[in-house]
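Presented below is the structure to which this report refers.
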Amino acid sequence: MADAALDAIVDRVRAARADKTPLAITGGGTKAFYGGPVTGAPLDVRPLAGISSYEPSELVVTVRAGTPLAELEAALAEKGQCLPFEPPRFAAGGTVGGMVAAGLSGPARPAVGGVRDYVLGATLLNGKAEVVSFGGQVMKNVAGYDVSRLLAGSMGLLGVLCEVSLKVLPQPVAAATLRFELDEAAALRQLNTWGGQPLPLSASAWWDGMLVLRLAGAAAAVQSAKRALGGEVIDAALAAGFWQGMRDQTDEFFVGAAKAVQGGATLWRLAVPQTAPPLGLPGEQLLEWGGAQRWVVTSAPAPALRDVAARAGGHATAFRGGAPGDAFAPVAPALMTIHRGLKHAFDPDRIFNPGRLYPEL
Amino acid sequence: MNAPTPAEALAQPALAAPAVVSAAERAARQQQIVAALRPLLPAHALLHSREDTVPYECDGLTAYRALPLAVALPETEAQVAAVLKACHAIGVPVVARGAGTGLSGGAMPHTEGLVLSLAKFNKILKLDPLARTAVVQCGVRNLAISEAAAPFGLYYAPDPSSQIACTIGGNVAENSGGVHCLKYGLTVHNVLKVRGFTAEGEAVEFGSDALDCAGLDLLAVVIGSEGMLAVTTEVTVKLTPKPQLARCIMASFGDVRDAGNAVAAVIAAGIIPAGLEMMDKPMTAAVEDFVRAGYDLDAAAILLCESDGTPEEVEEEIGRMLAVLEGCGATRLQVSESEAQRLTFWSGRKNAFPASGRISPDYMCMDSTIPRKRLADILIAIAEMEKKYDLRCCNVFHAGDGNLHPLILFDANDPDQLHRCEQFGADILETSVALGGTVTGEHGVGVEKLSSMCVQFSPEERTQMIAVKTAFDPVGTLNPGKVIPTLHRCAEYGRMHVKKGLLPFPELERF
């Protein structure tokens, strides 16, 4: 990857290291709201752009981190393939590097896995201004530690992502969306019961007494599941719009949430076991991922949300809004020691995105 | 058991234990360890006499052996914590061990250290059919999880060939795969949470009961870390609904290139088979002799291509697969008509290793992964190497993943054959890296592939990995000397492998 764009970024990092000035790694800025505030000179990775290699029969694409996500998805769609985890886009202009660094996945997450499950390899510019590569372009690889998957969701803490190799899959041949009138507890029970059966479940969303379910896979499997499950069949175009709204948070629920956040409330994301009973939190609530992801709009204080999530076996993130520097749930002291050690291992001078994940990192 | 026998370990006893000490020093050290651990464990759970520790001197890679100073068999997590704290305090290396089925020497003892056998942690603690999860102790066998889940129509998807014996803790250490991982993923895709202990003996949990956790995804790096970052005691796994039906196509090809192209063509057609495996002609002959499954002995290569799902889905997919395979020049196609026949098709593939053991005194199994499109290239390269090193090689592949298991046949009693076999193996690994692949797909680096890591990673990359190790285990108590070679070792390896008049790793200082 010897080239001018990379050389320029390496020089920036080298200089930042010499002056001990922090850098705020940026791409399209579509997820600037996510995580803690960073004071640092912006380091725009978008010059590192382009698909380096893509062979559909290998199910692998290698792409530079500054490439627009939309460009990657269009290239995959042209060959009938996709990023199965449906990364949220929030707005136009997001990059592949931002997708990996934020580690966020969309509606299909419980069925197909998340971003990290599709990362096969990565090239990273670390805090010593070294360009290092881990993993590779093959499906199975246990040579050394799996550093590339660790980068998914690392919020730019460990270095500048330069290039990633991702596993891709064929787009599902068929899909169908069904709607059921169910209260929260009944919806959770039903989702988990279905989850234990060999059904082509692909996504789910529950809000305000209505459960929407997506099936996806082979045509025969979708057809037979549709017959078995019943419910009201939603028109395909309408359904596609609905799931896109879930994925990109443009659905009515999230529009309402955005307004509430402007008014001082917080949009919380609770990741809990999918069988966790209704959490009984105040405010509007949307369930996704078969119950494993619950969005709550509330002005309740952070410790209340964190406590409820922890008791259910999960954690709560102040996704939009909330107190600066308190987006992510604190981790246990033994794990924070490891976090500090890893930060030091990759970025000893603490140049990259200080405070984006936790204030002390 | 027939096993790989790279002589490097024998020639370099310093491989895992740099310090060479006298017998008296060793005895003193042993006394110190036993004295420190005796108050922490029941008497029967601490072994140190030679006859008691010899069974632990190797794992599935029997050529690499080292006698530990002691073996601890704790029965509770409190004992694990206490043993780790004590070893950390007196600077004793600790090598955790499950069933000892690993194929790269990852559980080979440290001559100055303790083996921490977790064999007593063999209970399934909780199985929740509604949540589709099981909480199991690390010593539970892989297959035992699926057996316990079967009454609920669920199973644990990763199925390494050794699944009848290997433990989930070992699977976590190696990020084990299996024959169905193209569709169902590796260990890392099927584990939610790992509970264990740091090198200092502090309890930690990586991952959570939810689909993600706060902070960095430490679970992703702990899985596959070969026991070097933490000691696993408990694992929460995801369970998958068992497909209603599975059927398998057995396809013969007259040319390995056609078979390799067929693998790519199946995937290019938008099909993700439940399993896609390949055997070459010598391997087919060896397994047919062993299992009598009715394999086509005239074929240059055989593909096993499996579909699973609802009966309608399988019917549709088998039809599409047959069309692709036929279009790629398959000379014979057979579809399993019953579960018994499907298992017969698989029997040879699953018995490739013992079948090789019957036709040769010893064999060395390689484990590299390459891009699928290079399958034919590597087969042709391996055929050339057979002539070059004057040794036979049988090939089985997880073709869908591009993961190769060439089995080099040799006689370890003949030092020259052993030497040629090692060169043959190193050549396969280096060729795999040159083709865009990796030196190990699922067996791990352990001690066996330390030198090959020098080929795949730069000094900066290896230094970065050592820094990751230090973040988890600052003193280097857990499984020291494995996985990441030192710069010095790579320099030595480079010196031994002068190619085309040029030294590899020219950036390293030498002499």
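Summary of computed values
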| quantity | calculated |
| --- | --- |
| Qualifying residue in region B:166-173 (condition: in a loop (DSSP other than H, G, I, E, B) and either among the small types (Gly, Ala, Ser) or more than 19 Å from the chain's Cα centre (by Cα) (or both)) | no |
| Residues (buried (at least 24 other Cβ atoms within 10 Å of the Cβ) and polar (S, T, N, Q)) located in region A:68-104 | A:Thr95 |
| Meets criteria (within 14 Å of chain A (Cβ to nearest Cβ), under 19 Å from the mean Cα position of the chain (by Cα), assigned to a loop (DSSP other than H, G, I, E, B) and within 18 Å of B:Gly227 (Cβ to Cβ)) for B:Gly106 | yes |
| First in region B:225-246 and farther than 22 Å from B:Lys123 by Cα, second anywhere and among the hydroxyl-bearing types (Ser, Thr, Tyr) and surrounded by fewer than 22 Cβ atoms within 10 Å (Cβ to Cβ), Cβ under 7 Å, 6 or more apart | B:Lys242/B:Tyr155 |
| From the options B:Thr331, B:Thr344, B:Thr310, B:Thr284, residue that is among the β-branched types (Val, Ile, Thr) and within 24 Å of B:Phe410 (Cα to Cα) | B:Thr284 |
| Flag if B:Thr369 is buried (at least 24 other Cβ atoms within 10 Å of the Cβ) and among the β-branched types (Val, Ile, Thr) | yes |
| Residue among A:Ala174, A:Ala220, A:Ala203 that is free of Cβ contacts under 8 Å to residues at least 12 places away in the same chain, touching a helix residue (DSSP H, G or I) at 6+ places or on another chain (Cβ under 9 Å) and at negative phi | A:Ala220 |
| Members of region B:428-454 found to be touching a residue at least 60 places away in the same chain (Cβ under 8 Å), within 13 Å of another protein chain (Cβ to nearest Cβ) and assigned to a helix (DSSP H, G or I), listed by number | B:Leu429, B:Ser432, B:Val433, B:Leu450, B:Ser451 |
| Residues of region B:400-422 that turn out to be among the aliphatic types (A, V, I, L, M), surrounded by fewer than 24 Cβ atoms within 10 Å (Cβ to Cβ) and touching a strand residue (DSSP E or B) at 6+ places or on another chain (Cβ under 6 Å), as a count | 2 |
| Among (1) modelled with pLDDT under 95; (2) over 21 Å from B:Gln137 (Cα atoms) - the single one B:Asp59 does not satisfy | (2) |
| Residue list for region A:211-232, restricted to those being within 21 Å of B:Glu316 (Cβ to Cβ) and loosely packed, with under 15 Cβ neighbours inside 10 Å | A:Arg227, A:Ala228 |
| Criterion violated by B:Val314 - all others in (1) crowded, with 17+ Cβ neighbours inside 10 Å; (2) not in a helix (DSSP H, G or I) satisfied | (2) |
| Which numbered condition B:Arg372 fails, given (1) basic (Lys, Arg); (2) away from every other protein chain (no Cβ under 14 Å); (3) touching a Gly at 6+ places or on another chain (Cβ under 6 Å) | (2) |
| Filter result (free of Cβ contacts under 8 Å to residues at least 12 places away in the same chain and either in a loop (DSSP other than H, G, I, E, B) or within 16 Å of A:Pro354 (Cα to Cα) (or both)) within region A:10-34 | A:Asp19, A:Ala32 |
| B:Leu409 being assigned to a strand (DSSP E or B), closer than 20 Å to B:Ser356 by Cα and under 15 Å from the mean Cα position of the chain (by Cα) | no |
| All positions within region A:327-347 that are surrounded by 17 or more Cβ atoms within 10 Å (Cβ to Cβ) and of a type in the set (D, E, K, R) | A:Lys343, A:Asp347 |
| Residue list for region B:120-143, restricted to those being more than 11 Å from chain A (Cβ to nearest Cβ) and closer than 22 Å to B:Gly224 by Cβ | B:Phe121, B:Ala134, B:Val135, B:Val136, B:Gln137, B:Cys138, B:Gly139, B:Val140, B:Arg141, B:Asn142, B:Leu143 |
| Where B:Gly294 falls short, out of the listed (1) assigned to a helix (DSSP H, G or I); (2) out of contact with any strand residue (DSSP E or B) (no Cβ under 8 Å at 6 or more places or on another chain); (3) at pLDDT below 95 | (1) |
| Pairs where the first residue, in region B:112-132, is free of Cβ contacts under 8 Å to residues at least 24 places away in the same chain and the second is of a type in the set (A, V, I, L, M, F, W, C) and assigned to a strand (DSSP E or B), C-beta under 6 Å, 6+ apart | B:Lys126/B:Val135 |
| Failed criterion for B:Gly425 (all others in (1) outside any helix (DSSP H, G or I); (2) crowded, with 23+ Cβ neighbours inside 10 Å hold) | (1) |
| Those helices (runs of 4 or more DSSP H) lying entirely in region B:175-248 with at least 3 residues farther than 25 Å from A:Thr193 by Cβ and facing chain A (nearest Cβ under 9 Å) | B:218-222 |
| Any hit, region B:99-112, residues being of a type in the set (A, V, I, L, M, F, W, C), more than 30 Å from B:Val439 (Cβ to Cβ) and either at pLDDT 95 or above or crowded, with 20+ Cβ neighbours inside 10 Å (or both) | no |
| Those strands (runs of 3 or more DSSP E) lying entirely in region A:275-361 with at least 1 residues more than 14 Å from chain B (Cβ to nearest Cβ), within 30 Å of A:Leu199 (Cβ to Cβ) and touching an Asp or Glu at 6+ places or on another chain (Cβ under 8 Å) | A:284-288, A:293-298 |
| Subset of region B:311-330 [under 23 Å from B:Lys242 (Cβ atoms) and touching a strand residue (DSSP E or B) at 6+ places or on another chain (Cβ under 7 Å)] | B:Pro311, B:Val314, B:Glu317, B:Ile318, B:Met321 |
| Which numbered condition B:Val263 fails, given (1) of a type in the set (A, V, I, L, M, F, W, C); (2) more than 11 Å from every other protein chain (Cβ to nearest Cβ); (3) under 19 Å from B:Trp346 (Cα atoms) | (2) |
| Filtered residues of region B:482-502 (kept if at pLDDT below 85 and of a type in the set (A, V, I, L, M)) | B:Leu487, B:Ala491, B:Met496, B:Val498, B:Leu502 |
| Hey, B:Glu147 among the acidic types (Asp, Glu), under 30 Å from A:Pro273 (Cα atoms) and outside any loop (DSSP other than H, G, I, E, B) or not | yes |
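Here's the yes/no breakdown for (1) modelled with pLDDT of 95 or more; (2) of a type outside the set (D, E, K, R); (3) buried (at least 21 other Cβ atoms within 10 Å of the Cβ):
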residue	(1), (2), (3)
A:Ala237	yes, yes, no
A:Asp251	yes, no, no
A:Lys259	yes, no, no
A:Pro277	yes, yes, no
A:Leu286	yes, yes, yes
A:Gly314	yes, yes, yes
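The values are calculated or read from the model by the stated rules, or taken from the named source; none is laboratory data. These numbers come from a predicted model, not from an experiment. Glycine gets a Cβ as well: all are built from the backbone with ideal geometry, and neighbour counts include every protein chain shown.
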